[in-house]
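*Asks:* I am attaching a structure below and will ask some questions about it afterwards.
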Amino acid sequence: MSTSSLARRAAPLLAALIAASFAPAAAAADRPAKHAKPAAKKAAAPAPAVVFVVPDATPDQVKAAEMVYYGAYDCEFQQTVSITQSPKHMAYVDVKHGKKDWLMKPVLSGTGAIRLEDVGGETLMVQIASKSMLLNVKTAQRIVDDCISPKQRELIAEAKAAKAAAEASGATTTSSALMK
């Protein structure tokens, strides 16, 4: 018998053997398991608690904390922000907006603005005489803007009154000079 005729005769037998070897697995997959036990669930390991130690305040931080505008802020779109002295950490402030609150470190910037830097590194509150804004430093987006505290309202009113007085005295001086 030649090799080619032997291969032709063995081919159907070889195909049947291959099909038979897969048949039990295919049949088992088609029918539901009778007494299969569910896989044991592993107990979720609790996430390790992140312990953050707040460093003691520096003299510069204490000075900056004295300059912070504390109180309830009215912001754009009828939102509010609350800034209070932290009862737990000297010369730190608690900032609350909506359901979130942050512990922040006051820093006096070179421009005179007060920066309230989140100790967690997520947010930043910038306070200038005329307004404040809360920023997310990770996404580089404003959380809320045009926030004004009661003290900032006073400063704005004083600045407007001073400007009006300067304009009035300048107008009087100009009128007096024209009459001579």
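*Asks:* Could you tell me whether the range 119-127 includes any residue that is surrounded by 10 or more Cβ atoms within 10 Å (Cβ to Cβ), in a loop (DSSP other than H, G, I, E, B) and among the acidic types (Asp, Glu)?
*Replies:* Yes - at least one qualifying residue is present in the range 119-127.
*Asks:* Quick one: count up the residues across the range 128-146 that are in contact with a helix residue (DSSP H, G or I) (Cβ under 8 Å, 6 or more places away or on another chain), among the hydrophobic types (A, V, I, L, M, F, W, C) and not in a loop (DSSP other than H, G, I, E, B).
*Replies:* 1
*Asks:* Given the conditions (1) farther than 27 Å from Asp60 by Cα; (2) more than 24 Å from the chain's Cα centre (by Cα), which single one is not true for Leu155?
*Replies:* Of the numbered conditions (1) farther than 27 Å from Asp60 by Cα; (2) more than 24 Å from the chain's Cα centre (by Cα), the odd one out for Leu155 is (1).
*Asks:* While we're here: Counting only residues that are among the hydroxyl-bearing types (Ser, Thr, Tyr), out of contact with any strand residue (DSSP E or B) (no Cβ under 7 Å at 6 or more places or on another chain) and modelled with pLDDT of 95 or more, how many does the range 122-180 have?
*Replies:* Counting residues in the range 122-180 that are among the hydroxyl-bearing types (Ser, Thr, Tyr), out of contact with any strand residue (DSSP E or B) (no Cβ under 7 Å at 6 or more places or on another chain) and modelled with pLDDT of 95 or more gives 1.
*Asks:* Something else about it: Which one of Ile148, Ile114, Ile143 is among the β-branched types (Val, Ile, Thr) and farther than 19 Å from Ala65 by Cα?
*Replies:* Sole residue among the options that is among the β-branched types (Val, Ile, Thr) and farther than 19 Å from Ala65 by Cα: Ile143.
*Asks:* Hey, another quick one. I need every pair where a residue in the range 105-122 that is within 18 Å of Cys147 (Cα to Cα) and in the same structural domain as Val137 (by TED's automatic domain parsing) has its Cβ under 6 Å from the Cβ of a residue that is in a loop (DSSP other than H, G, I, E, B) and among the hydrophobic types (A, V, I, L, M, F, W, C), sequence separation at least 6 or different chains.
*Replies:* Note: pairs meeting the criteria are Pro106/Val68; Ala113/Ile128; Ile114/Val68.
*Asks:* Another question, then. Just give me the residues in the range 85-139 being among the basic types (Lys, Arg) and within 21 Å of Val54 (Cβ to Cβ), in sequence order.
*Replies:* Across the range 85-139, the qualifying residues are Lys88, Lys96, Lys100, Lys105, Arg115, Lys138.
*Asks:* If you take the residues in the range 108-118 that are of a type outside the set (D, E, K, R) and in a strand (DSSP E or B), which one is surrounded by the most Cβ atoms within 10 Å (Cβ to Cβ)?
*Replies:* Of the range 108-118, the ones of a type outside the set (D, E, K, R) are 108-114, 116.
Next cut, in a strand (DSSP E or B) only: 108, 114, 116.
Numbers: Leu108: 17, Ile114: 19, Leu116: 26.
Ranking the candidates gives Leu116 first.
The values are calculated or read from the model by the stated rules, or taken from the named source; none is laboratory data. A quick note: this is a predicted structure, and the numbers were derived from the prediction, not measured. Please note: Cβ atoms are built from the backbone with ideal geometry, for glycine as well, and neighbour counts cover all protein chains shown.
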